[in-house]
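Colleague: Could you have a look at this structure, given as structure tokens, before my questions?
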Amino acid sequence: MKFDIIVAGVGGQGVLSVSAIIASSAMHEGLSVKQSEVHGMSQRGGEVQANLRLSDKPIASDLIPRGMASLVLSMEPLESLRYLPYLSDTGTVLTSTDAVTNFASYPEMEGLLAQIRALPHAILIDAERLARQAGSARATNMVMVGAASHLLPVKLETIEHFVRTLFAAKGTKVVETNLKALAAGREAAASR
Amino acid sequence: MSEMVLLGDEAVALGAVHAGLTAAYAYPGTPSTEITEYLIRYQRKHGRPIAQWCANEKTAYEEALGVSFAGRRALVSMKHVGLNVAADPFMNSALISINGGLVVAVADDPGMHSSQNEQDSRLFADFARVICLEPSSHQQAYDMTREAFDLSERFQIPIMIRLVTRLAHSRGNVTAGEPRAENPVAKSATPASWILLPANARRQWRALLDRQPEMRRYTASCPHNTVTGAGSPAEFGVITTGLARNYYIENLEDLGIAPPHLHVGAYPFPADAIRAFVGGLRRVLVLEEGYPYLERALRGIVPPAVDIQGRESGHVPPDGELNPDIVRTSLGLEARRGLMIEGLTLPSRPPQLCAGCPHGDSFHAMTAALAGFPNAVVTSDIGCYTLGALPPYSAIQSCVCMGASVGMAKGAAEAGLHPVVAVIGDSTFLHSGVTPLLDAITEDTPMTLLILDNKTVGMTGGQPTIRPSSQLEGLVRGLGIPADHLHVLEAHPRHDAHNTEVLRREFEHRGLSVVIAVRECLETIKRGKQEQAAATA
């Protein structure tokens with residue numbers, strides 16, 4: 001079993017938290033994990049991505065080769081397209097439809113979403129709205145983890161456990177909001 | 001012992017703790033920052049080891065040297081360009097007889113994810129004639145750091161651990177060993193060896209050179225330099241270093257028959273082992289992260305008939321980070337293709353100052369004050385404010401190295417430009433901006449130093465500036481800036497008109513002035529509030 005994921009987004013969107021929860025869950029279930037992150041300058045509103053590799057065998061490279069990723073999990077529509085060359089023929093693009101338009105030449109939105117919908121395996125999630133319904137827009141990234149949970153080679157209960165662990169220091173209310181967001185994302189993606 | 005998932009940086013930090021580390025010193029620099037951040041967290045929780053941020057890499061290195069003089073183990077960590085700042089103590093410390101183990105962890109940044117150049121620190125280790133260990137996995141980052149302290153005491157030299165961004169900032173599994181106790185305090189028994197007066201230094205230099213064969217014997221027999229598949233009648237062989245090994249293994253299955261493979265993880269490179277390995281081969285591909293260091297060395301030690309391929313020969317790109325795809329094509333395998341959409345070109349998303357960042361307000365006031373000065377020059381430095389080079393600000397015209405904005409402004413002003421503004425951050429100013437300011441004060445150079453004081457080291461994640469920013473004004477006044485040309489402003493839109501006017505006046509002044517624009521970084525304010533909330537929750 002081998003499952004390569006590119007988690008994509010913009011600095012500040014919680015890409016590393018998404019990646020950390022999936023990585024911890026996979027580790028807990030006995031899989032080998034390598035997770036390559038972006039720190040420093042790019043985090044200031046630039047493109048951020050994490051290469052996350054899960055396998056039941058030892059993993060050599062920290063970076064995913066082209067054409068090998070099973071999933072591009074993006075917090076933002078434009079960023080979901082940036083990593084297509086890394087996606088395998090059978091891989092899925094799962095993206096939040098909430099755009100971060102912090103620069104002038106952001107493409108026209110309907111055309112962008114149409115391009116994503118035209119991909120062989122694409123799931124679009126209105127993640128921020130679901131996160132607000134769950135209690136906080138800041139839980140958008142957990143909606144995306146929930147939406148991805150159908151595809152990930154880890155159990156939902158394990159992910160829930162690590163959502164609790166990650167947010168434990170911020171109090172029970174934050175934990176509950178994020179668990180609700182996780183469930184909402186899972187439900188939204190179930191029908192796709 | 002326990003298994004855990006750590007960043008490469010964290011694996012180095014934990015390896016140092018388990019080697020009996022007494023003290024760690026550093027200045028923040030991507031991608032090395034997380035080594036010291038981990039150690040500071042560890043210290044808060046366990047009381048030991050000492051872990052501190054320092055004014056710059058040179059001071060950090062010298063403090064580590066003092067720990068070694070006292071017989072205890074010290075770690076100093078930095079990014080590759082930080083080693084340039086610490087180069088003076090680093091080079092000289094190779095000559096003294098290291099007492100307590102001294103390990104220098106240097107994180108290189110091939111591909112320049114957040115750096116001005118991609119220099120290769122293996123050359124610096126070679127330059128100093130010391131041992132360099134280069135991990136290719138998280139486990140090795142931990143194990144090699146532990147071993148490096150033993151080697152340092154055995155050979156009485158500093159040992160370099162060379163990391164690259166991709167290892168420093170990726171997470172992988174690490175199994176930790178049994179922790180070792182700290183060394184007792186035991187002052188160097190050979191204090192003369194620490195006094196590099198010429199007579200001593202000549203003796204110490206010779207001693208260092210005399211130890212070279214012993215170092216080479218170590219690297220020739222250590223398990224970090226390994227050969228697989230030797231003795232087969234192959235014509236083609238592969239030599240890897242660092243993470244290149246992983247990218248090679250990633251492609252191995254598709255090669256059909258595995259070529260003979262030498263991996264080099266410890267330097268000085270094992271020349272005899274390389275000669276033996278290359279022996280019957282007609283072609284060798286060298287895959288290494290950074291400079292064509294081994295590739296060049298190889299040309300001096302193997303017969304000219306052997307075709308040596310690598311970054312210098314053009315078989316591997318000469319610049320940038322390696323990855324599985326580059327290594328794949330270098331091996332002659334067909335490139336993999338992923339999902340492609342015809343005609344799809346995506347705009348890139350450059351990094352930028354956070355919305356509401358005080359630096360943005362300073363740039364706004366400065367640009368307004370510079371209107372009407374066709375010869376105006378703004379030299380800048382390295383930090384978040386370097387992003388002022390990009391639209392919408394386009395406010396700065398240079399970024400070379402830490403502290404350079406001040407010295408360059410002095411030179412530009414003395415060459416005849418006016419007005420000249422040097423932009424620098426509070427932490428960078430204390431790192432290496434104070435000394436060029438002394439030069440400018442001596443000459444009363446007609447320039448303005450604009451210190452953007454956001455009360456933190458912003459770009460590397462908000463570490464504390466070495467002294468609180470409230471002390472900057474007193475420091476600058478103490479250096480000898482006259483009070484009527486020293487201003488402290490609040491970098492905020494509501495003071496824009498006033499700030500512009502003050503700056504305009506100083507730009508017109510034909511002498512030295514210093515303006516400190518203060519407002520705390522939004523990120524550190526946010527983090528402070530979060531920490532407070534977590535503490536009271």
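The values are calculated or read from the model by the stated rules, or taken from the named source; none is laboratory data. This is a predicted model, so every value here is computed, not measured. Don't worry about glycine lacking a Cβ; one is built from the backbone with ideal geometry, like all the others, and counts go over all protein chains shown. With ligands, DNA and RNA removed, areas are computed over all heavy atoms of the protein, side chains included. Shrake-Rupley method; radii C 1.70, N 1.55, O 1.52, S 1.80 Å.
Colleague: Only one residue in B:Thr386, B:Thr435, B:Thr428 is of a type in the set (S, T, N, Q) and either open to solvent by 50 Å² or more (accessible area, probe 1.4 Å) or not in a helix (DSSP H, G or I) (or both), so which one is that? Give the steps one after another, and end with the answer.
Modeller: Working: B:Thr386 fails: either open to solvent by 50 Å² or more (accessible area, probe 1.4 Å) or not in a helix (DSSP H, G or I) (or both); B:Thr428 fails: either open to solvent by 50 Å² or more (accessible area, probe 1.4 Å) or not in a helix (DSSP H, G or I) (or both).
Selected residue: B:Thr435, the only one of B:Thr386, B:Thr435, B:Thr428 that is of a type in the set (S, T, N, Q) and either open to solvent by 50 Å² or more (accessible area, probe 1.4 Å) or not in a helix (DSSP H, G or I) (or both).
Colleague: Another question, if that's okay. Go through segment A:61-71 and give me each residue that's of a type outside the set (S, T, N, Q) and not in a strand (DSSP E or B). Full working, then the answer.
Modeller: Just the residues of segment A:61-71 that are of a type outside the set (S, T, N, Q), to begin with: A:62-69, A:71.
Matches in segment A:61-71: A:Asp62, A:Leu63, A:Ile64, A:Pro65, A:Arg66, A:Gly67, A:Met68.
Colleague: Which residues, taken from segment A:32-54, are touching a Pro at 6+ places or on another chain (Cβ under 7 Å) and in a loop (DSSP other than H, G, I, E, B)?
Modeller: Hits for segment A:32-54 are A:His39, A:Arg44, A:Gly45, A:Gly46.
Colleague: If B:Val316 satisfies every condition in (1) at pLDDT 95 or above; (2) open to solvent by 30 Å² or more (accessible area, probe 1.4 Å); (3) part of a loop (DSSP other than H, G, I, E, B); (4) farther than 30 Å from B:Cys384 by Cα but one, which is the exception?
Modeller: (2)
Colleague: Another one. For B:Arg349, only one of the following conditions fails: (1) closer than 30 Å to B:Leu243 by Cα; (2) surrounded by 14 or more Cβ atoms within 10 Å (Cβ to Cβ); (3) more than 10 Å from chain A (Cβ to nearest Cβ). What is its number?
Modeller: Here B:Arg349 clears every test but (3).
Colleague: For segment B:327-345, how many residues meet the condition of being touching a Pro at 6+ places or on another chain (Cβ under 8 Å) and open to solvent by 40 Å² or more (accessible area, probe 1.4 Å)?
Modeller: Count: 3.
Colleague: Moving on. Which condition number in (1) surrounded by fewer than 16 Cβ atoms within 10 Å (Cβ to Cβ); (2) of a type in the set (A, V, I, L, M); (3) within 12 Å of chain B (Cβ to nearest Cβ); (4) under 23 Å from A:Glu187 (Cβ atoms) is the one that A:Ala122 fails?
Modeller: (1)
Colleague: Ok, one more. Please count how many residues of segment B:10-63 are in a helix (DSSP H, G or I) and either in contact with a strand residue (DSSP E or B) (Cβ under 8 Å, 6 or more places away or on another chain) or open to solvent by 10 Å² or more (accessible area, probe 1.4 Å) (or both). Give the derivation first.
Modeller: Looking only at segment B:10-63, we keep the residues that are in a helix (DSSP H, G or I), and these are B:10-18, B:33-46, B:57-63.
Retained after the next criterion (residues that are either in contact with a strand residue (DSSP E or B) (Cβ under 8 Å, 6 or more places away or on another chain) or open to solvent by 10 Å² or more (accessible area, probe 1.4 Å) (or both)): B:10-14, B:16-18, B:33-46, B:57-63.
Residues that pass the stated criteria total 29.
Colleague: What are the pairs, 6+ residues apart or on separate chains, where a residue within segment B:232-259 that is at positive phi has its Cβ under 7 Å from a residue that is open to solvent by less than 40 Å² (accessible area, probe 1.4 Å) and in a strand (DSSP E or B)?
Modeller: Listed pairs, sorted by first residue: B:Gly242/B:Val164.
Colleague: Give the number of residues within segment B:438-493 that are exposed (fewer than 13 other Cβ atoms within 10 Å of the Cβ) and among the β-branched types (Val, Ile, Thr).
Modeller: Matching residues across segment B:438-493 total 1.
Yes/no matrix, rows are residues, columns are (1) within 14 Å of chain B (Cβ to nearest Cβ); (2) open to solvent by less than 60 Å² (accessible area, probe 1.4 Å):
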{"residue": "A:Leu130", "(1), (2)": "no, yes"}
{"residue": "A:Arg138", "(1), (2)": "yes, no"}
{"residue": "A:Ala148", "(1), (2)": "no, yes"}
{"residue": "A:Leu152", "(1), (2)": "no, yes"}
{"residue": "A:Leu156", "(1), (2)": "no, yes"}
{"residue": "A:Phe162", "(1), (2)": "yes, yes"}
{"residue": "A:Ala181", "(1), (2)": "no, yes"}
{"residue": "A:Ala184", "(1), (2)": "no, yes"}
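Colleague: Additional query: Among what's in segment A:72-89 and is part of a strand (DSSP E or B) and either open to solvent by 10 Å² or more (accessible area, probe 1.4 Å) or farther than 19 Å from A:Ser17 by Cβ (or both), pick the residue that is nearest to the other protein chains (Cβ to nearest Cβ). Full working, then the answer.
Modeller: Here is the first cut: in segment A:72-89, the residues part of a strand (DSSP E or B) are A:72-74, A:87-89.
Adding the requirement that they be either open to solvent by 10 Å² or more (accessible area, probe 1.4 Å) or farther than 19 Å from A:Ser17 by Cβ (or both) leaves A:87-89.
Details: A:Leu87: 4, A:Ser88: 7, A:Asp89: 7 Å.
Restricting to residues being part of a strand (DSSP E or B) and either open to solvent by 10 Å² or more (accessible area, probe 1.4 Å) or farther than 19 Å from A:Ser17 by Cβ (or both), the top hit is A:Leu87.
Colleague: Against the conditions (1) within 24 Å of B:Ile195 (Cβ to Cβ); (2) in contact (Cβ under 8 Å) with a residue 24 or more places away in the chain, where does B:Ser136 fall short? Just the number, please.
Modeller: Answer for B:Ser136: the failing condition is (1).
Colleague: Considering segment A:38-63 alone, what residues qualify as being at the interface with chain B (Cβ under 8 Å from one of its Cβ atoms), of a type outside the set (A, V, I, L, M, F, W, C), touching a helix residue (DSSP H, G or I) at 6+ places or on another chain (Cβ under 8 Å) and open to solvent by 10 Å² or more (accessible area, probe 1.4 Å)?
Modeller: Of everything in segment A:38-63, those that are at the interface with chain B (Cβ under 8 Å from one of its Cβ atoms), of a type outside the set (A, V, I, L, M, F, W, C), touching a helix residue (DSSP H, G or I) at 6+ places or on another chain (Cβ under 8 Å) and open to solvent by 10 Å² or more (accessible area, probe 1.4 Å) turn out to be A:His39, A:Arg44, A:Glu47.
Colleague: Suppose the filter is away from every other protein chain (no Cβ under 12 Å), of a type in the set (Gly, Ala, Ser) and free of Cβ contacts under 8 Å to residues at least 24 places away in the same chain; does A:Ser191 pass it? Give the steps one after another, and end with the answer.
Modeller: On the way: away from every other protein chain (no Cβ under 12 Å): yes; of a type in the set (Gly, Ala, Ser): yes; free of Cβ contacts under 8 Å to residues at least 24 places away in the same chain: yes.
Taking the combined requirement at face value, the residue satisfies it.
Colleague: Residues of segment B:329-346 being within 7 Å of chain A (Cβ to nearest Cβ) and out of contact with any Lys or Arg (no Cβ under 7 Å at 6 or more places or on another chain), which ones?
Modeller: Quick first cut of segment B:329-346, residues within 7 Å of chain A (Cβ to nearest Cβ) only: B:336-341, B:344, B:346.
Selection gives B:Leu339, B:Met340, B:Ile341, B:Leu344.
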